[in-house]
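One structure is given below, encoded as structure tokens.
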Amino acid sequence: MSPDKLDLVRSIPAEWERADFRSVSWAHPEIEYVVVGGPEPGTWRGLAEMKASVRAFMSAWQDYGIEAQHYRELDDERVLVLVQLSGRGRTSGLEIRQTQAQGAEVWRGRGGKVVRLVLYWHRDQALGELGLAS
């Protein structure tokens, strides 16, 4: 992956660490957004579906956050980001950190935009699907 694509991917979790999930300027209009595991798994296509999914998910959490811990280039289009999830369920009171929620994200970039984003609730599942040791 070219340095500018890696910089793009690095900039997005930096915003998310500040709990700023508003910007989607990084996303291709026809992005494929996939959530694997967690309370609301699924696949959404396009900016409108991705934003609706994120809004619905975020409404269930208080102080939700994502902290990027490690970046790894997988090939010229994909970057793996290992993340720590945090937050508290608005209804349940569940603290995500108590569940050891270490996730992963696989970002696929093309033409200066992210065309596919896969969020894994469980890091080991992502590493297994990618053929990487945990």
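Going by the conditions given, is residue 108 modelled with pLDDT of 90 or more, within 16 Å of residue 5 (Cβ to Cβ) and surrounded by fewer than 17 Cβ atoms within 10 Å (Cβ to Cβ)? Walk me through it before giving the result.
Values: modelled with pLDDT of 90 or more: yes; within 16 Å of residue 5 (Cβ to Cβ): yes; surrounded by fewer than 17 Cβ atoms within 10 Å (Cβ to Cβ): no.
So residue 108 does not fit the description; no.
Which of the residues belonging to region 91-105 are surrounded by 14 or more Cβ atoms within 10 Å (Cβ to Cβ) and at pLDDT 90 or above?
102, 103, 104, 105
Out of all the residues in region 1-29, which are out of contact with any strand residue (DSSP E or B) (no Cβ under 8 Å at 6 or more places or on another chain), at pLDDT 75 or above, open to solvent by less than 70 Å² (accessible area, probe 1.4 Å) and not in a loop (DSSP other than H, G, I, E, B)?
Hit for region 1-29 is 11, nothing else.
Those residues that are open to solvent by less than 70 Å² (accessible area, probe 1.4 Å), out of contact with any strand residue (DSSP E or B) (no Cβ under 7 Å at 6 or more places or on another chain) and modelled with pLDDT of 90 or more, I need them from region 31-55; list them, please. Give the derivation first.
Taking region 31-55 first, the residues open to solvent by less than 70 Å² (accessible area, probe 1.4 Å) are 31-38, 42-44, 46-47, 50, 52-54.
Still in the running and out of contact with any strand residue (DSSP E or B) (no Cβ under 7 Å at 6 or more places or on another chain): 38, 52, 54.
The one that is open to solvent by less than 70 Å² (accessible area, probe 1.4 Å), out of contact with any strand residue (DSSP E or B) (no Cβ under 7 Å at 6 or more places or on another chain) and modelled with pLDDT of 90 or more: 52.
Mind checking whether some residue in region 90-97 is under 15 Å from the mean Cα position of the chain (by Cα) and basic (Lys, Arg)? Reasoning before the result, please.
To start, the set of residues in region 90-97 that are under 15 Å from the mean Cα position of the chain (by Cα) comprises none.
No - not one qualifying residue is present in region 90-97.
State all residues of region 47-76 that are more than 12 Å from the chain's Cα centre (by Cα) and under 20 Å from residue 5 (Cα atoms); if no residue qualifies, say none. Don't jump to the end; show me each part of the working.
Here is the first cut: in region 47-76, the ones more than 12 Å from the chain's Cα centre (by Cα) are 47-49, 51-53, 55-64, 69-76.
If the condition is that a residue be more than 12 Å from the chain's Cα centre (by Cα) and under 20 Å from residue 5 (Cα atoms), then 47, 69, 70, 71, 72, 73, 74, 75, 76 are the ones that fit.
With open to solvent by 80 Å² or more (accessible area, probe 1.4 Å), closer than 20 Å to residue 10 by Cβ, part of a strand (DSSP E or B) and touching a strand residue (DSSP E or B) at 6+ places or on another chain (Cβ under 8 Å) as the only criterion, which of 84, 69 stands out? Give the steps one after another, and end with the answer.
On the way: 84 fails: open to solvent by 80 Å² or more (accessible area, probe 1.4 Å).
From the options 84, 69, the qualifying one is 69.
All but one of (1) assigned to a loop (DSSP other than H, G, I, E, B); (2) open to solvent by less than 30 Å² (accessible area, probe 1.4 Å); (3) hydrophobic (A, V, I, L, M, F, W, C) hold for residue 133, so report the exception by its number.
Condition not satisfied by residue 133: (2).
The values are calculated or read from the model by the stated rules, or taken from the named source; none is laboratory data. Predicted, not measured: the structure shown is a model, and the values here were computed from it. As a convention, Cβ positions derive from the backbone with ideal geometry for all residues, glycine included, and neighbour counts pool all protein chains shown. With ligands, DNA and RNA removed, areas are computed over all heavy atoms of the protein, side chains included. Shrake-Rupley method; radii C 1.70, N 1.55, O 1.52, S 1.80 Å.
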